[in-house]
Amino acid sequence: MHQQKVLPPLFSQFAFAARRILEKISKDHWIRGSSTDKHLIMLELGKIDGEGAIMKNSVEWLFPKPSPTDSTVDHLEALVGYKFPQSYKDVACNYNGAYPKPSECLLGRPQGMSFNNLIAISFPGDEFNGERICEIIKGLGGRLPKNVVPFAADPAGNYFCFDFNRLSGNSEPSIVFWDHEDEDPEQHDPWMAVTFICDSFERLIASLK
């Protein structure tokens with residue numbers, strides 16, 4: 001009768017850990033969303049950080065507006081002149097204008113920032129007809145650096161933005177924070193109001209506490 005070979009406990013633990021790591025690596029992307037009737041999206045972020053640890057976070061998106069159409073998103077991208085990261089579009093289209101919980105971001109600067117809400121792309125009765133982000137850019141004028149596009153707001157009228165001047169290794173725009181209180185008083189240097197936060201939308205969402 002053939003007997004099953006029993007592995008030493010230490011080797012078994014190692015094999016199990018290795019299999020779990022391979023399962024993580026095999027994911028074609030490290031953001032997955034699943035919604036419920038409570039508008040809950042669980043973002044399993046399996047990106048390995050600088051210390052080799054796997055970051056995980058769950059974000060609940062509250063009070064979303066109806067989803068924009070694909071054509072509305074395409075129109076907005078054409079007006080802005082850039083394609084938004086797919087990870088952002090997955091969240092923004094399913095949780096249009098929603099408020100994340102948790103919402104505090106501690107990256108970039110000691111005092112942190114509060115991620116109040118995504119800027120709604122469009123919704124029924126929208127006076128800007130899907131061009132709200134463009135209207136914000138226009139309203140700020142030269143106060144916002146070129147190729148910096150807001151996508152979310154804090155409670156004080158500041159913005160989380162995509163910086164298309166600085167792309168990450170996978171060609172996604174980095175994330176910056178525009179704070180009107182840090183603006184150049186003489187309006188000569190719009191970058192004075194901008195703080196680098198992280199290299200991707202996914203990492204921003206993973207950082208919320």
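Taking the Cα-to-Cβ direction at Arg109 and at Lys146 and moving 7 Å from each Cα, how far apart do the two end points lie in nm?
The modelled label-to-label distance comes out at 2.5 nm.
Pulled fully out, how much extra length does the chain show between Thr195 and Lys65, if you take 0.36 nm times their separation in residues and subtract their Cα-Cα distance? Spell out each step's value before the answer.
Details: separation 130, 0.36 × 130 = 46.80 nm, distance 2.90 nm.
Full extension from Thr195 to Lys65 adds 43.9 nm.
Can you pull the one-decimal nm distance between simple spin-label points at Glu181 and Gln86, each 7 Å off the Cα toward Cβ?
Here the modelled spin labels are 3.9 nm apart.
Taking Rh as the Kirkwood radius computed over C-alpha pairs, what is the Stokes-Einstein D of region 82-209 at 10 °C in a medium of viscosity 1.306 mPa s, expressed in µm² per second?
Details: Rh = 14.9 Å.
Result for D is 107 µm²/s.
Roughly how many Å² is the accessible area per residue of region 46-204, as a whole number, for a 1.4 Å probe? Walk me through the numbers before you get to the answer.
Details: 7720 Å² over 159 residues.
Value for region 46-204: 49 Å² per residue.
Apply the Karplus curve 6.51 cos²θ - 1.76 cosθ + 1.60, θ = phi - 60°, to the phi angles in region 100-115 and return the couplings in whole Hz, x for Gly and Pro.
Here the 3J(HN,Hα) series is x, 9, x, 9, 8, 10, 10, 7, x, 8, x, 6, x, 8, 10, 7 Hz.
The values are calculated or read from the model by the stated rules, or taken from the named source; none is laboratory data. As the structure is a prediction and not an experimental result, all values here were calculated from the model. When we count neighbours, we look across all protein chains shown, and the Cβ atoms used for this are built from the backbone with ideal geometry, even at glycine. These accessible areas exclude ligands, DNA and RNA; they are computed on the full protein's heavy atoms, side chains included. Shrake-Rupley method; radii C 1.70, N 1.55, O 1.52, S 1.80 Å.
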